[in-house]
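The values are calculated or read from the model by the stated rules, or taken from the named source; none is laboratory data. Everything numeric here is computed off the predicted structure, so don't read it as measured data. Here the Cβ positions follow ideal geometry from the backbone for every residue, glycine too, while neighbour counts run over all protein chains shown. Only protein heavy atoms, including side chains, enter the accessible area calculation; ligands, DNA and RNA are left aside. Shrake-Rupley method; radii C 1.70, N 1.55, O 1.52, S 1.80 Å.
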Amino acid sequence: MSNRGVTLIEVVVAMVVLVVGLVSTLTLFPVGLKAGRRARQTNEAALLGQRLMQELHLAKASELLAGKFPGGAAGEEAGYRWQYEAEEIALEGVDGATLCRVLLTLEWESGVNTRREQWVSYIVPDEV
């Protein structure tokens, strides 16, 4: 006996397999979009942090220690909040030698979470 087609059961099973595959694939799109958004925000934060750190390096250490950076000790730009802290630290083993330690903190909202990145740099005092 020759069978010339597919039964209704076979069609239903094939449709279920197709729908499960499509739904599984479609659930990956939001995950990819979220990862892309997070990567973009992290990249923007890194670029902003690099620019701010370069501006801090152009300022005099005495101004940074006094909190007199031209943009202030804190600010906000394009949805990113930033602040810097500067402190004078003594070099061990070298009498009277100091450096200005600068800590730059950047924060931004990513969905329901607050993300934070920090950079540390050292600046030679003005007198040297």
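A few notes on this one:
- Added length on full extension, which subtracts the Cα-Cα distance from 0.36 nm per residue, Ser62 to Leu8: 11.1 nm
- Compared with the dominant principal axis of the Cα atoms in the chain, helix 8-58 is inclined by about 10°.
- Carbon plus sulfur fraction of accessible area for the chain, probe 1.4 Å, in percent: 60 percent
- Positive-end residue of Thr98, Trp119, Val13, charge dipole of the chain with Cβ unit charges: Val13
- Along the chain, counting only GluC sites (Glu not before Pro) with a DSSP assignment other than H, G, I, E or B and at most 16 other Cβ atoms inside a 10 Å radius, the longest segment between sites is 1-91.
- For the chain, the equivalent ellipsoid derived from the Cα gyration tensor has semi-axes of 60, 14, 10 Å, listed largest first.
- Rel. contact order, % - alpha carbon contacts under 8 angstrom, at least six apart, the chain: 18 percent
- Solvent-accessible surface of region 37-128, averaged per residue with a 1.4 angstrom probe and all protein chains in place: 63 square angstrom.
- The chain - charge dipole about Cα centre, Lys and Arg +1 at Cβ, Asp and Glu -1, debye rounded to 20: 1060 debye
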